[in-house]
Amino acid sequence: MSKRTIVLLPGDGIGGVVLDAAVKVLKAAGFEADYVTGDIGWEFWKKEGNPLPQRTIDLLEEHKIALFGAITSKPKDAAFEELDPELQAKGLVYSSPIVGLRQHFKLDICMRPCKSYIGNPLNFIRRAAGGGVEEPQVDVAIFRQNTEGLYGGVEWSNPDDQVYDAMMTHPKFAKNFGWAPKEEVSISTRIFTKKYTERILRAAFEHAVKYGYDNVTVAEKPNVIRETSGMMFKMAKEMQAKDYPQIQLWNTNIDAQMMWLTKNPEDYGVIVAGNMFGDIVSDGFAGLIGGLGFAASSQYNPDTGVAVFEPTHGSAPKYADYETSIVNPIAMIESACMMLDFIDENEKARRIRDAVAAVIKEGKVRTYDMMKMRGRADVIEHGAASTDQMADAIIAKL
């Protein structure tokens, strides 16, 4: 039986470092695969004018599964300034390659687990009613619609006459913005479709059933964003009543949700939201389990089997230049475990997660973030574990 081929997308900054650590753990756990590396990220934007070359898309078309490190993204003007001078006259505009992957392959379902590890010194704690301190156990799965909403990319600055005239047909636009000169107007759209809203809701309910969660929360803003958020909650109510009556359906406004997540995070099971609000609430819950060093994600298209697994942290380029890497690789290793689950290598995923849990609970090996240090090159001298040392400690527990 031939080995599976996994596409590695290191990207920028620390992406390659954490990706190397995850592959080392995968191999130690007995996962046998061939690995091919795809070009993606800032350097390819600067040199080629394309941070997501077609050759990389072709690799993922062929092999379906990718592990992704991290990318650097910069605002429009800064991106243009770093472009090769010979390319600057071609009218190229930078766009995020990871968003490009999501849209090209229609990776509409994004899942971000937020589960606290016993013994993690970064876990959320709160004052107990009796005056002591308590540490609630957080175990939340966040489903984020990944291809629509505010991340859909349908935007204009100084919109052309056709777009502007169409917007002026809406009475609220005419009343509230019609006074503004067209060249001073920028427009971003928030588009939901029933097809992909149904898919993310279905994925959330199915996950709740499969893993024993008793509630699903829609975290949107239907009292203000009535058409899109309202449609999502209406569809969720209909789906729950028809197909999932055993699952409680909760409705929270995103702003209130961000307040409540520090009040009673242990009450929530599965949360589902559109693209932007899903991004926000997943980062909020990640903060309760230790921050972005522990935040993993999967994004996939269930029809095609194409899937990309990545930590939700950024590229942290200042750390990439350190002689010894200090960054926490656990989010990338957790993302690799999600990949194993996706391809039905569940036992290997369980063993790796158990090893991560054992290292954290033991507390002898901790990266700088776990020791609440500033991310400086000298943290190793003060007792923090390097990226490789953390990976090796996890391997030792295997």
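The values are calculated or read from the model by the stated rules, or taken from the named source; none is laboratory data. For clarity, every value in this text was computed on a predicted model and none was experimentally measured. Quick reminder, even Gly has a Cβ in these numbers, built from the backbone with ideal geometry, and neighbours come from all protein chains shown.
When region 237-266 is filtered for residues that are touching a residue at least 12 places away in the same chain (Cβ under 8 Å) and assigned to a helix (DSSP H, G or I), the ones remaining, listed by number, are 237, 239, 240, 243, 254, 255, 257, 258, 265, 266. Report every pair of residues separated by at least 6 positions or lying on different chains whose Cβ atoms are under 9 Å apart, first residue within region 129-148 and more than 27 Å from residue 96 (Cα to Cα) and touching a residue at least 12 places away in the same chain (Cβ under 8 Å), second in a strand (DSSP E or B) and hydrophobic (A, V, I, L, M, F, W, C). Note: pairs meeting the criteria are 138/114; 139/114; 140/114; 140/270; 140/271.
Residue under question is residue 352, and the condition is that it be buried (at least 21 other Cβ atoms within 10 Å of the Cβ), within 19 Å of residue 32 (Cβ to Cβ), within 23 Å of the chain's Cα centre (by Cα) and at pLDDT 95 or above; does it hold? In short, yes. Only a single criterion out of (1) under 21 Å from the mean Cα position of the chain (by Cα); (2) surrounded by fewer than 22 Cβ atoms within 10 Å (Cβ to Cβ) is not satisfied by residue 393, namely (1). Among the residues of region 86-94, is any out of contact with any helix residue (DSSP H, G or I) (no Cβ under 6 Å at 6 or more places or on another chain), of a type in the set (Asp, Glu) and either outside any loop (DSSP other than H, G, I, E, B) or within 27 Å of residue 209 (Cα to Cα) (or both)? Looking for residues that are out of contact with any helix residue (DSSP H, G or I) (no Cβ under 6 Å at 6 or more places or on another chain), of a type in the set (Asp, Glu) and either outside any loop (DSSP other than H, G, I, E, B) or within 27 Å of residue 209 (Cα to Cα) (or both), one finds at least one in region 86-94, hence yes. The one condition from (1) over 23 Å from residue 285 (Cα atoms); (2) surrounded by 15 or more Cβ atoms within 10 Å (Cβ to Cβ); (3) not charged (D, E, K, R) that residue 181 does not meet is (2). All of 282, 325 fail the test of being within 15 Å of the chain's Cα centre (by Cα), among the hydroxyl-bearing types (Ser, Thr, Tyr) and either assigned by TED's automatic domain parsing to the domain that holds residue 24 or not in a loop (DSSP other than H, G, I, E, B) (or both), apart from 282. Considering only residues that are more than 20 Å from the chain's Cα centre (by Cα) and within 25 Å of residue 156 (Cβ to Cβ), look in region 219-229 and name the one that is surrounded by the most Cβ atoms within 10 Å (Cβ to Cβ). This residue is 229.
Are any residues in region 160-211 polar (S, T, N, Q) and either assigned to a helix (DSSP H, G or I) or more than 34 Å from the chain's Cα centre (by Cα) (or both), and if so, which ones? Answer for region 160-211, where residues must be polar (S, T, N, Q) and either assigned to a helix (DSSP H, G or I) or more than 34 Å from the chain's Cα centre (by Cα) (or both): 162, 169, 176, 197.
Restricting attention to region 193-218, the residues being surrounded by 14 or more Cβ atoms within 10 Å (Cβ to Cβ), of a type outside the set (Val, Ile, Thr) and in contact (Cβ under 8 Å) with a residue 12 or more places away in the chain number 12. Screening residue 159 against (1) surrounded by 14 or more Cβ atoms within 10 Å (Cβ to Cβ); (2) closer than 20 Å to residue 275 by Cα leaves a single unmet condition, (2). Among the residues of region 303-345, which ones are touching a Lys or Arg at 6+ places or on another chain (Cβ under 6 Å) and crowded, with 18+ Cβ neighbours inside 10 Å? Selection gives 306, 337, 340. Being in contact with a Cys (Cβ under 8 Å, 6 or more places away or on another chain), of a type in the set (A, V, I, L, M, F, W, C) and touching a residue at least 40 places away in the same chain (Cβ under 8 Å) is the requirement here; does residue 307 meet it? Answer is no for this residue.
Apart from one condition, residue 311 fits all of (1) of a type outside the set (Ser, Thr, Tyr); (2) more than 12 Å from the chain's Cα centre (by Cα); (3) within 14 Å of residue 70 (Cα to Cα); the exception is (2).
Within region 105-116, residues that are farther than 12 Å from residue 200 by Cα reach partners that are small (Gly, Ala, Ser) and outside any strand (DSSP E or B) with beta carbons closer than 6 Å, at six or more positions or on different chains, in the pairs 112/282; 114/286.
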